[in-house]
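The values are calculated or read from the model by the stated rules, or taken from the named source; none is laboratory data. Here the structure is a predicted model, which means the values were calculated and not measured. We place every Cβ from the backbone using ideal geometry, glycine too, and count neighbours over all the protein chains shown. Just so you know, the surface numbers come from the protein's heavy atoms only, side chains and all, with ligands and any DNA or RNA stripped out. Shrake-Rupley method; radii C 1.70, N 1.55, O 1.52, S 1.80 Å.
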Number of protein chains: 2
Amino acid sequence: MTGRISNETELIQTYLAPLAAGYSGAFGLHDDAALIASEPGFDLVVSTDPIIAGVHFFANDRAEDIAWKALAVNTSDLSAKGAAPLAYTMALAFPEAPEHSWMAAFAGGLKEAQAAFGCHLIGGDTDRTTGPLSISITAFGRVPKGQMVRRGTAGVGDHVFVTGTLGDAALGLEIHRDPSRFQSHLPASDLRFLVGRYLRPSPRVEMAAVLRGFASAALDVSDGLVKDAGRLAALAGARAEFQLSLLPLSAPARQLIAKDGGHMTALLGGGDDYEILFSVPEARIADFQKALKSVRIPIAEIGVIVAGQGVAVLNERGQPVEVGAGGYDHFK
Amino acid sequence: MTGRISNETELIQTYLAPLAAGYSGAFGLHDDAALIASEPGFDLVVSTDPIIAGVHFFANDRAEDIAWKALAVNTSDLSAKGAAPLAYTMALAFPEAPEHSWMAAFAGGLKEAQAAFGCHLIGGDTDRTTGPLSISITAFGRVPKGQMVRRGTAGVGDHVFVTGTLGDAALGLEIHRDPSRFQSHLPASDLRFLVGRYLRPSPRVEMAAVLRGFASAALDVSDGLVKDAGRLAALAGARAEFQLSLLPLSAPARQLIAKDGGHMTALLGGGDDYEILFSVPEARIADFQKALKSVRIPIAEIGVIVAGQGVAVLNERGQPVEVGAGGYDHFK
């Protein structure tokens, strides 16, 4: 099919209904509402995180990347809470009726993400808007009853860990905005890696069970390490102290920072990494380390929760480095 | 507080967190996600229906009315499915940081709606957008296991009913757009009634139990009678036939239509009524009529499901009146 999609029914039944196949409570997207059957012994975790063109992505990004990101940012929240992705609803607002080719690519990106994360589209809505394209996903995950991992329950003395590497997405965003600025700094494959970390975040779905088993608190790093750690610390009534030298960097990010120390802000305050920051009580560390052997993603111990308030990042001389307000406020 | 809200934390903790009080799984809006505890014997019904300034409401409508409508349109879907409202998430996208006074009124409207419908805010997100104000609510309701009322399960021979009155909201929208056009047609109180039906739809929360008990199919009339009945009929592989004389009109709507027959389009195709259209099998009619005695809202029998396809509205001579495509497509 070529040209623009002519009405909502066509859009839903051609491109979205196939994404609901396999989940009976989606009713093929033919009803006003979806059904999530109760599963004895499990609670439902709910996260909602819309993405808007010009705010969270660029309107001319590839449709399949936009789709992936829309679902990934929500799945990331579920993973940080120890929940296994189950389903999602999606409300789309289009500035103009999309082309068939765009919508096919968008549905393809969702299909790929669904398969990677293990969930189905179960409902939603489409509208036209005078504003930019916006994709509002609400995602649902299952967690064994009473085991959702909270954000504000870290304790003084807990060790702090983070998955993957930090700052890649913020650097990737800079490169994505103006690739020419960076062409002489890194090989093309490294630039692509960093841009990919911005465009296609990897929610840490496989961390859910480990977090349920060992984390005293967790959240995903979506607005930057300093800002998100500040939230974790504030709710715990404590202070998060990190060692700068322990913060995990990808090789390309390390190279960029070595060339220009200004890029360090990406490490401390850059958003969009969607890694998981979590705390583990001292008494559980040994068992936690054993459990990590079956986890394939890298996990770095980066600091500790101490009495006090705020967030400090200490250099090799034990002195706090300037972290500023840090982080990104999508509201400002 | 005067002036504009300066950051997301202030907005959430000052205005939104109080709306989450009383629902433990909302965690005071302090976490990345909310928890809906499983309730043995109940399924969860999920509906998502955003509203956007310039599409579903006017940007200068009163904040409390916008808030009411945002929650009402979602609660309406739950009621039509036989579910009792439980909770909702809300993603807000603002073209500029709102004034404290606006946000206080908005939260006030939500508080009023929550109390009327019986649900709590449990999570959400706020963003800035280059587009219009948008409010994306996903609402959750509980229904006894296996009892969700579907849209596509009407049978030939079923009687068709509708709650309340039809067309008021579409007329109210016309009056709201240009009150001067109507000042000589109706008393001010009648004009206010119709505008109120547009601004403040009444989800038929009290219908849920009756629908579960007797309805073979149901949906809410949000895009106009002909269009929504067409959906119900198409999924049933049948035809909906209505008697024009039986379609329920409020006294003000009846007066306006008497003055100008063109207003009849509001009755057949006008959106935003949020009444419930449902079918009851012949064999259940007697018991259904008895059960209605305890329902306080008016319910009209307006037609029947017959073999065939499409929707017909018959005049007193049994001839179909022109219904056109009917209804509103927010996507077009």
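Using a probe of 1.4 Å on the protein chains alone, the accessible area found for B:HIS263 is around 30 Å². In the stretch A:189-332, carbon and sulfur make up what percent of the accessible area (probe 1.4 Å)? Exposed carbon and sulfur together represent 52 percent of the surface. Could you tell me the center-to-center distance, by alpha carbons, between the stretch A:19-88 and the stretch B:194-247 in angstrom? That distance is 29 Å. Summed over the residues of chain B and divided among them, the accessible surface reaches 37 Å² per residue at a probe radius of 1.4 Å. For the residue pairs A:LYS145/B:LYS69; A:LYS111/B:LYS145; A:LYS259/A:LYS290; A:LYS145/B:LYS290, the alpha carbons lie more than 32 Å apart in A:LYS145/B:LYS69; A:LYS259/A:LYS290; A:LYS145/B:LYS290. For chain B, the share of DSSP beta bridges that are antiparallel, to the nearest 5, is 75%. If the Kirkwood radius is taken over C-alpha pairs of the stretch A:223-265, then at 10 °C and 1.306 mPa s the Stokes-Einstein diffusion coefficient equals 133 µm²/s. The charge dipole of chain B, taken about its Cα centre with unit charges on the Cβ of Lys, Arg, Asp and Glu (plus for the first two, minus for the last two), comes to roughly 740 debye. A simple spin-label model places pseudo-atoms 7 Å from Cα toward Cβ; at A:GLU206 and A:ARG177 they are separated by 3.3 nm. A crude spin-label estimate for the pair A:ALA188 and A:ARG317, with each label 7 Å from Cα along the Cβ direction, gives 4.4 nm.
For the stretch A:232-298, which trypsin sites (Lys or Arg not before Pro) pass both filters: DSSP loop (anything but H, G, I, E, B) and at most 12 other C-beta atoms within 10 Å?
A:LYS293, A:ARG296
With R₀ set to 35 Å, the beta-carbon distance separating B:GLN147 from A:GLU112 gives a calculated FRET efficiency near 0.45. Each Lys or Arg adds one and each Asp or Glu subtracts one; over the other residues with Cβ under 14 Å from the Cβ of B:PRO132, this totals -2.
Ascending distances from the A:PRO320 label point to its copies in the other chains, with the point 7 Å along the Cα-to-beta-carbon line: 7.5 nm.
Residues whose amide H comes within less than 5 Å of that of A:HIS120, counting only those at least five positions distant or on another chain, are A:ALA87, A:TYR88 (H built at 1.01 Å from N in the peptide plane).
In this Cβ point-charge picture (+1 for Lys and Arg, -1 for Asp and Glu), the stretch A:11-98 has a dipole of about 120 debye about its Cα centre. Put a dot 7 Å past the Cα of B:SER294, heading toward its Cβ, do the same for A:ARG4, and the two dots end up 5.2 nm apart. For the Cα trace of chain A, dividing Rg by the Kirkwood Rh returns an Rg/Rh value of 0.99. With the full set of protein chains in place, find how many percent of the accessible area of the stretch A:79-164 is carbon and sulfur; take the probe as 1.4 Å. Ligands and nucleic acids excluded, carbon and sulfur give 55 percent. Between the stretch A:259-312 and the stretch B:149-183, the alpha-carbon centres lie 55 Å apart.
Looking at the protein assembly as shown, the DSSP beta bridges with both ends there are about 75 percent antiparallel.
Among B:ALA251, B:ALA240, B:ALA266, the residue with the largest mean-square fluctuation in a Gaussian network model of chain B, with springs joining Cα atoms closer than 10 Å, is B:ALA251.
With a 1.4 Å probe, how much accessible area is buried between chains A and B, both sides summed, in Å² to the nearest hundred? The contact between B and A buries close to 4900 Å².
Charge dipole (Cα centre; +1 on Lys/Arg Cβ, -1 on Asp/Glu Cβ; no other charges) of the stretch A:173-332 amounts to roughly 300 debye. Between amide H atoms placed 1.01 Å from N, distances below 5 Å from A:GLY82 occur with A:VAL149, all of them 5 or more places distant or on a separate chain.
When the surface is traced with a 1.4 Å probe over the full set of protein chains, A:GLU206 keeps roughly 80 Å² accessible.
Straight Cα distances below 19 angstrom link A:LYS227 to the lysines A:LYS81, A:LYS332, with same-chain residues fewer than 8 positions distant left out. The protection proxy used here, the mean number of other Cβ atoms lying within 10 Å of each residue, ranks peptides A:111-119, B:192-200 as follows, highest first: B:192-200, A:111-119.
Count Lys and Arg as plus one, Asp and Glu as minus one, and take only other residues whose Cβ is under 12 Å from that of B:ILE285; the net charge is then -2. What are the DSSP H helices in chain A that stretch 24 Å or more along their long axis, judged by alpha-carbon atoms, and whose average Kyte-Doolittle hydropathy comes to at least -1.0? Answer set is A:63-80, A:100-117.
What do you get for Rg/Rh of the protein assembly as shown when both radii come from the Cα atoms and Rh is the Kirkwood radius?
Details: Rg = 26.4 Å, Rh = 26.2 Å.
Radius of gyration relative to Kirkwood radius: 1.01.
With a 1.4 Å probe rolled over the protein heavy atoms of all chains, the accessible area of B:SER134, A:SER245 falls in the order A:SER245, B:SER134, largest first. Remark: label point of B:ARG177 defined 7 Å out from Cα along the Cα-Cβ vector; separations to the same position in other copies 4.2 nm, ascending. Positive-end ranking of B:SER101, B:THR75, A:GLY108 along the dipole of the protein assembly as shown, with charges on Cβ about the Cα centre, is headed by B:THR75. Extension gain for B:PHE58 to B:THR130 (0.36 nm times residue separation, less C-alpha to C-alpha distance): 24.2 nm.
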